[in-house]
Every structure is written in C-alpha cells, then in structure tokens.
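Let me begin by presenting the structure, written as structure tokens, before commenting on it.
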Amino acid sequence: MLHSIRFRLTAWFASILTVAILLISIAMYLGLQQALMSNVDQTLRMAAERSVQTVRQNALKSTGSTIERVRTLTYIALAPTRLLLLEGGVDRIDPLFPADIHVDSQALAAAARGESLYESVTVETGRYRLMTAPLSVNGQRLAAIQVAQSLDTEMVTLRSLRDLLLIAAPVTLAFATLGGIVLGQRAFAPMERVRRNVETIIADNDLSHRVGRQLANDEVGRLAQTFDQLLERIESAMNRERQFSADASHELRSPLTALKGELSVTLARTRTAEEYRQVLEGLEVIVDEMSLLVEDLLALSRASAGILHKEEFDLHALLEQLIERMSALAQTRQLTLAMKISNEPLLLLADRMKVQRVITNLIDNAIRYTPHGGSINVQAYHDGAQVCINVSDTGIGIAAEHTPHIFERFYRADNARTRDGAGGSGLGLAIADTIVRAHDGRITLHSTLGRGSTFSVWLPES
C-alpha cells in the first residue's frame with residue numbers, strides 16, 4: 001500500500017494542500033491585521049490632525065518662551081490624547097489616556113524631526129495603538145501630540161479569525177484528503193481492471209483476450225487500447241510462427257517420408273550394386289530438396305530478425321552481375337533475359353547480400369514459371385526518393401484470387417507452382433517480402449493469368 005502510486009499521489013496531494021492552506025491562512029490573518037491597523041491608524045491620524053489644527057489656531061495668539069506658549073495651548077481631544085514637551089515630559093494628559101504608557105524618546109525624536117510615528121504598545125491595561133505627531137506653529141516645533149486607541153476590538157477579531165482557521169483548516173484538509181483518496185480509487189479503478197485482465201491473459205495463456213474493452217476514451221483507456229494493439233501484434237506473430245512451424249513440419253514430412261520409404265524398400269531384400277546405386281541417387285535428390293528447404297528456412301529466419309549490414313553500393317553493378325550469372329539458366333530454358341536501367345546513378349544504402357537475394361529470388365521465380373521462348377525484363381529507375389526495380393515476365397501469370405496471398409510462407413497459387421519440376425520451396429517470395437520490409441521498402445505484384453507477372457520493389461535511395 002505504501003509503495004502504490006495511489007498512496008503517493010494522495011500523500012503529495014495532502015502535503016501540497018497543507019502548505020496551501022497554511023499559506024492562505026497566514027495571508028488571511030496578516031491581511032486582516034494590516035487592514036485593521038490601517039483603519040486604526042487612519043482614525044488616529046484624523047484625530048491628531050483635528051487637534052493640531054485647533055492648537056495652531058490658539059497658538060497664534062500666544063507669546064513668550066516655547067514652554068510658556070505650549071502651556072497656553074488649548075486643543076480639542078477627539079481621542080485619548082496627551083501633549084508632550086520635545087525636551088521630555090508631559091505637559092498635559094487626557095483623563096482617558098492610559099496613564100501606564102511611558103513617554104518614548106524615539107517618538108519625541110521623530111516629532112522633533114517633523115515626522116509622525118505609529119507604534120503598538122502593550123501595558124497592564126491592554127494593548128494600544130499610538131500616533132505621535134509634531135506640533136508646529138509659524139514654522140517652529142513647539143511640542144508633540146500623542147493620540148491613543150485601544151486595540152481590544154481588533155484583537156478580539158484577530159483571535160476569532162485565528163480560532164476559526166485553527167478549526168477550519170484541519171477539517172478542510174481532512175475532507176480534502178478523504179476526497180483525494182476516493183477520487184484516487186475511482187481514477188485507478190480502470191488501471192486495476194486492466195491489471196486483472198492482464199493477469200487473466202497470463203494465467204489462461206490466451207492472447208485473444210483484450211484489456212481495453214468497456215473503458216472510457218481517456219488516458220487509461222488509450223493506454224489499454226495501445227496494449228491491445230500490442231497483444232494483437234504478438235498474437236498475430238505467434239499465429240504466424242505456429243503456422244510457420246506447422247508448414248515447415250509438413251514440408252519436411254514429405255521428403256522424410258519418401259526417404260524413409262526408399263530406405264525401407266531397399267533394405268527389405270538384398271539388391272545388386274547397380275540397384276543400390278540407383279536408390280542412393282534417388283535419395284541424393286531428396287536430400288538436396290531437404291537441404292534447399294532448410295536453407296530457405298534459415299534465410300527466412302535471418303530476414304525476419306531484421307539484422308542488416310548496410311553499405312552504400314551502386315545498383316547498376318549488382319544488376320549487371322546478376323543478369324550475367326542467371327543468363328545461363330535462362331538460356332537452358334530458351335528464355336530471353338534483358339535489362340533496362342536508368343543512366344543516372346542508382347545508389348542504395350542497404351544490405352547488399354540481402355538485396356541480391358531479393359532480386360535473385362524474383363528472377364529465379366520468373367524463370368521457373370515462364371514457358372520456353374518467353375522473355376524476362378529487369379528494369380530499375382528513380383521514383384522520387386526511392387529506387388524501383390521491376391522484374392517482368394511473359395509467364396503463366398497468377399489468378400487474382402491468389403495475389404493477396406502470394407507473399408505468404410509456403411503458399412502456392414496452383415498445381416503448376418509446386419516443388420515438382422519447376423516449383424520451389426514456397427519461401428522465395430516470403431523471403432523477398434521480409435527483406436524488403438526490413439529495409440523500410442515495399443514489394444507489389446501485378447499479374448494477368450496467362451500473360452505474365454511483374455514484381456516491383458521500392459527501396460529508399462541513399
């Protein structure tokens with residue numbers, strides 16, 4: 001539980017929410033405190049201004065020393081007020097002014113400089129807000145006037161807010177955390193369902209099941225759909241491998257059965273040396289057939305692995321070598337093998353040996369299924385950012401219903417395309433298709449029954 005994503009997300013959510021509530025509470029408390037103090041300061045400032053204005057009007061009629069003039073001043077006390085001498089001491093004090101508030105030398109010094117000073121003080125009778133303002137007459141600072149106001153109401157308000165926050169913050173955090181747990185369970189429920197479905201697939205070893213069914217089209221649903229696509233590809237690959245194993249076993253069974261039969265018949269009685277020689281020659285043909293099949297199976301396995309040794313080479317030179325090499329085979333069947341290549345350089349960055357295998361398979365396939373006197377044409381040219389290689393023949397062609405399956409392993413279109421006589425192992429086109437796809441290319445077939453076929457290969461240009 002402690003290592004689950006749901007627990008970690010809930011813990012992070014609760015931690016962030018705790019910090020947020022704490023910061024908001026502090027900001028609210030300090031903001032209200034500042035607003036209350038500003039309101040009190042404004043009240044003190046208005047009371048001091050009215051008192052100073054009255055003092056100034058009365059001071060104009062007075063003469064004598066500074067102290068004498070101060071003592072003749074009269075003012076209207078709009079709040080608890082006292083009049084201070086700049087040299088120190090209290091000239092007069094309002095009965096409502098807290099008597100236990102001592103005279104602050106810093107306040108007198110500020111008044112002597114012509115500055116007003118706000119301060120909060122705490123005494124036995126309570127907490128007060130003080131404003132000390134200079135009193136000037138005709139440009140001469142005579143005294144300082146100090147106005148006080150009790151902060152009891154403001155402190156009660158702040159304490160009420162503090163108590164409210166101390167109660168509301170934990171309750172809000174508790175409800176929010178509980179809501180986060182519930183939401184986390186609901187959010188991760190689809191993932192838990194996906195996990196159980198995967199466990200079922202593993203337990204049953206059945207890749208036909210899907211995990212993304214009946215899920216919403218959200219992040220989890222799209223993840224499950226992607227996983228289903230992966231399952232489909234794995235299932236398809238495993239089905240192909242099973243089919244490949246079954247087909248390979250079937251293909252190998254026939255020559256093995258023939259081999260076993262020949263040996264059983266031969267060993268049934270004593271034969272002459274000539275008879276043994278004839279049997280061995282027949283067995284050699286069967287072994288050659290099996291060797292060809294095994295070689296094709298290995299080639300297909302290597303091509304499916306997608307291991308490529310790419311190098312840059314000129315397709316002209318490769319095609320010329322292949323045409324020269326296979327012309328002898330074509331002539332034995334009275335076929336014309338011709339080549340038409342673009343004069344422009346045809347450079348490929350590919351596995352030379354595997355590309356050679358593709359072209360060889362296509363030309364060999366054309367030779368096998370083209371009647372005597374026919375022709376085979378090899379063409380190569382640029383097609384955008386790709387190089388196209390066409391191998392055309394005037395052979396027997398392939399019916400339209402067989403075209404979609406022609407690149408499948410061990411697939412043969414009709415009786416003419418068997419291993420007997422002209423037929424091969426049924427893997428040549430599958431090998432070619434696998435190699436081309438490994439190079440990010442494509443191979444297509446266009447065929448008309450009785451008129452011939454054209455195989456086209458597109459490979460990315462270097």
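Give the number of residues within segment 337-366 that are within 43 Å of the chain's Cα centre (by Cα) and farther than 22 Å from Thr454 by Cα.
Count: 7.
Among (1) touching a residue at least 40 places away in the same chain (Cβ under 8 Å); (2) more than 20 Å from Arg50 (Cα to Cα), there is one condition Gly88 misses while meeting the rest; what is its number?
(1)
Given (1) surrounded by fewer than 17 Cβ atoms within 10 Å (Cβ to Cβ); (2) on the phi < 0 side of the Ramachandran plot, where does Gly373 come up short, assuming only one miss?
Evaluating Gly373 over (1) surrounded by fewer than 17 Cβ atoms within 10 Å (Cβ to Cβ); (2) on the phi < 0 side of the Ramachandran plot leaves (2) as the failure.
Hey, does segment 227-249 have a residue that's over 28 Å from Phe410 (Cβ atoms) and modelled with pLDDT of 80 or more?
Yes - at least one qualifying residue is present in segment 227-249.
Tell me the strands (runs of 3 or more DSSP E) entirely within segment 371-461 that contain at least 3 residues that are farther than 23 Å from Leu347 by Cβ, at pLDDT 90 or above and outside the structural domain of Leu252 (by TED's automatic domain parsing).
Filter on segment 371-461 gives 442-448, 452-460.
Only one of (1) part of a strand (DSSP E or B); (2) modelled with pLDDT of 85 or more; (3) touching a helix residue (DSSP H, G or I) at 6+ places or on another chain (Cβ under 8 Å) fails for Leu173. Which number is that?
So the condition that Leu173 fails would be (1).
Run Leu335 past the list (1) on the phi < 0 side of the Ramachandran plot; (2) modelled with pLDDT under 90 and report the number of the one that doesn't hold.
Tallying (1) on the phi < 0 side of the Ramachandran plot; (2) modelled with pLDDT under 90, Leu335 fails exactly one: (2).
Considering only residues of segment 211-263 that are in contact (Cβ under 8 Å) with a residue 40 or more places away in the chain and in contact with a Phe, Trp or Tyr (Cβ under 7 Å, 6 or more places away or on another chain), which is surrounded by the most Cβ atoms within 10 Å (Cβ to Cβ)?
Glu251
How many residues, within segment 190-229, are of a type outside the set (D, E, K, R) and over 24 Å from Ile5 (Cα atoms)?
Count: 6.
Which one is modelled with the highest pLDDT, of the residues in segment 66-81 that are buried (at least 16 other Cβ atoms within 10 Å of the Cβ) and in a loop (DSSP other than H, G, I, E, B)?
Applying the filter and picking the extreme gives Pro80.
Is at least one residue of segment 158-168 at pLDDT 90 or above, closer than 30 Å to Ala99 by Cβ, surrounded by 12 or more Cβ atoms within 10 Å (Cβ to Cβ) and of a type outside the set (A, V, I, L, M, F, W, C)?
Within segment 158-168, none of the residues are at pLDDT 90 or above, closer than 30 Å to Ala99 by Cβ, surrounded by 12 or more Cβ atoms within 10 Å (Cβ to Cβ) and of a type outside the set (A, V, I, L, M, F, W, C).
Which residues, taken from segment 19-28, are in contact with a helix residue (DSSP H, G or I) (Cβ under 6 Å, 6 or more places away or on another chain) and of a type outside the set (Gly, Ala, Ser)?
The one that is in contact with a helix residue (DSSP H, G or I) (Cβ under 6 Å, 6 or more places away or on another chain) and of a type outside the set (Gly, Ala, Ser): Ile21.
When you check Ser15 against the structure, is it at pLDDT 85 or above and not aliphatic (A, V, I, L, M), yes or no?
The answer is yes for Ser15.
Within the set of pairs 6 or more residues apart or between chains, which connect a residue that is over 30 Å from Arg127 (Cβ atoms) and of a type in the set (Ser, Thr, Tyr) inside segment 157-184 to a residue that is surrounded by fewer than 15 Cβ atoms within 10 Å (Cβ to Cβ) and at pLDDT below 90 with Cβ atoms less than 7 Å apart?
Pairs found: none.
Those residues that are surrounded by fewer than 16 Cβ atoms within 10 Å (Cβ to Cβ) and at pLDDT below 90, I need them from segment 127-151; list them, please.
Passing the criteria: Asn138, Gly139, Gln140, Arg141.
Can you tell me which condition Leu84 does not meet? The list is (1) closer than 23 Å to Asn39 by Cα; (2) crowded, with 20+ Cβ neighbours inside 10 Å, and all the others hold.
In the conditions (1) closer than 23 Å to Asn39 by Cα; (2) crowded, with 20+ Cβ neighbours inside 10 Å, Leu84 misses (1) alone.
Residue check, Pro170 against (1) within 30 Å of Ser38 (Cβ to Cβ); (2) not assigned by TED's automatic domain parsing to the domain that holds Thr18, all met but one. Which one?
Evaluating Pro170 over (1) within 30 Å of Ser38 (Cβ to Cβ); (2) not assigned by TED's automatic domain parsing to the domain that holds Thr18 leaves (1) as the failure.
Check every one of the strands (runs of 3 or more DSSP E) wholly within segment 90-165 and list those with 2 or more residues that are in contact with a Pro (Cβ under 8 Å, 6 or more places away or on another chain), closer than 16 Å to Ala47 by Cβ and in the same structural domain as Asn39 (by TED's automatic domain parsing).
140-150
Among the residues of segment 204-249, count how many are assigned to a loop (DSSP other than H, G, I, E, B) and touching a Leu at 6+ places or on another chain (Cβ under 7 Å).
Total meeting the criteria: 2.
Looking at (1) more than 25 Å from Glu461 (Cβ to Cβ); (2) in contact with a His (Cβ under 9 Å, 6 or more places away or on another chain), find the lone condition where Ala399 falls short.
(2)
The values are calculated or read from the model by the stated rules, or taken from the named source; none is laboratory data. Because the structure is predicted, anything quoted here is derived from the model rather than measured. Every residue, glycine among them, receives a Cβ derived from its backbone with ideal geometry; neighbour counts consider all protein chains shown.
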